[in-house]
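The values are calculated or read from the model by the stated rules, or taken from the named source; none is laboratory data. Nothing here was measured: the structure is a model prediction, and the numbers come from that model. We place every Cβ from the backbone using ideal geometry, glycine too, and count neighbours over all the protein chains shown.
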């Protein structure tokens, strides 16, 4: 590859790395927000069983998406 092509590729990889880091920061904030409710209660579960299932599914979905982004970042590095 030519130097200008390598420089362009390096720039694209750095941009992508920044995007992934920003996305992972969003997931980190989201995880922390779900652990503590707005009234300060540390209980991350609802009282109704159906709500508990929905909340757990959403947390698991966020975790899986963050894991995917983390693996992608590892490959970028």
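Laid out as a table, the results:
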quantity	calculated
Flag if residue 60 is surrounded by 13 or more Cβ atoms within 10 Å (Cβ to Cβ) and at pLDDT 85 or above	no
Region 1-13 residues that are closer than 18 Å to residue 75 by Cβ, paired with ones that are surrounded by 10 or more Cβ atoms within 10 Å (Cβ to Cβ) (beta carbon under 8 Å, 6 or more apart)	13/76
